[in-house]
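Report on one structure; see the data block that follows.
The values are calculated or read from the model by the stated rules, or taken from the named source; none is laboratory data. Nothing here was measured: the structure is a model prediction, and the numbers come from that model. Please note: Cβ atoms are built from the backbone with ideal geometry, for glycine as well, and neighbour counts cover all protein chains shown.
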Amino acid sequence: MKKNRLGRSGMVVSDICMGTMTFGNQADEKTAWRIMDMAYDAGVDFYDTAEMYPVPPDSKYVGATEEIVGRWMKTKDRDALIIATKVAGPSHVWIRAPLRGVKTGLDRHHIVRAVEGSLQRLGTDYIDLYQTHWPDHDFPQEETMAALDELVTSGKVRILGCSNETTWGLMKNQWAAEAHGLARYETIQNNFSLNNRRFEDELADACRREQVSLIPYSPLAGGVLSGKYQGGAFPEGARFTFYRDAPERQRRMMQRFVNPGTLASVERFQAIADDIGMSLVTMAVAWSKQHDFVASTIVGATSVEQVPALLAAADVTLDDDTLGRIDAVTQEIRYPMG
């Protein structure tokens, strides 16, 4: 499997990363282990989790994903794995994380408590990539970066990254790190897929110029690019079937991912995949990892049956004609996710 460097760091990872956010609710521990074993056997050395997982956030099982990943890690050589996790962002914004009395934040107190909890649940004495799960733009960025820098200096964390960040937020944090001689962000983890190409508008250029690597999540647009929601279907057990009847935030997310524009895009992308004799799942992951600013694409599964089509993308390079046809769909149906 191809390997790429994360930012300017010394860390090199497989260009497919196994995401774990459903482990502990949609996927039980036995299934999660089988999924991770399949990825490991295929050459995946990069695994992404978070203190808040599994999703949707719930106090009944928060932290369960890191515990599952930690027990699985005991069956492997720790030095052969690149483990990424995240500290939850502030709970006074768009997510209320069921951690630390639902008062999470990105100050030193919360960052220190979060990393200690993650280290314990993962059963390790260091985290390879530690990320802010979502930003707090009203809090002094230099204070967040100083707290994160302490983790790098102490050896608890190797490199830093951010997630769900804006262009302003990324550059403000990089400036704060440079101005104060602190460790900087080497990665950014944002939503990026055939149905959501907004990262290319501004953030891609910032990443190229600042040598920050995107590790995109949701390359299947929340599973929509698998085609399972076509024709108005909401399969039992699917994420957006659950979100459809969930609280307002989840319902709004479902409507962003599953709407007439996204479903029309999927229909056209499916035709392209059919013409080249490839699963749309495989094509979508291959498209994601083929960008110069992408270091590793995060895939996820809730069943072992979903894994082969995801991992098949490791051996795929889409030709110029296929890329041109994909771009034509994007021009025809612009920003279907809003």
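Summary of computed values
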quantity: Answer residue from the range 181-212, given it is touching a Phe, Trp or Tyr at 6+ places or on another chain (Cβ under 7 Å) and not in a helix (DSSP H, G or I) and is nearest to D48 (Cα to Cα) among those; calculated: Q189
quantity: For F139: the one exception among (1) at pLDDT below 95; (2) under 16 Å from C162 (Cα atoms); calculated: (1)
quantity: G222 being surrounded by fewer than 23 Cβ atoms within 10 Å (Cβ to Cβ) and either out of contact with any Cys (no Cβ under 8 Å at 6 or more places or on another chain) or not in a loop (DSSP other than H, G, I, E, B) (or both); calculated: no
quantity: Some residue of the range 296-304 being modelled with pLDDT of 95 or more, under 20 Å from Y229 (Cα atoms), in a loop (DSSP other than H, G, I, E, B) and in contact with a helix residue (DSSP H, G or I) (Cβ under 7 Å, 6 or more places away or on another chain); calculated: yes
quantity: The range 225-256, residues that are in a loop (DSSP other than H, G, I, E, B), modelled with pLDDT under 90 and surrounded by fewer than 20 Cβ atoms within 10 Å (Cβ to Cβ); calculated: E236, G237, D245, A246, P247
quantity: The range 159-176 residues that are on the phi > 0 side of the Ramachandran plot, paired with ones that are of a type in the set (F, W, Y) (beta carbon under 7 Å, 6 or more apart); calculated: N164/W134
quantity: Criterion: polar (S, T, N, Q) and either in a helix (DSSP H, G or I) or crowded, with 20+ Cβ neighbours inside 10 Å (or both) - qualifying residue of T317, T282; calculated: T282
quantity: Given (1) buried (at least 19 other Cβ atoms within 10 Å of the Cβ); (2) farther than 24 Å from G24 by Cα; (3) modelled with pLDDT under 95, number of the condition E165 does not satisfy; calculated: (3)
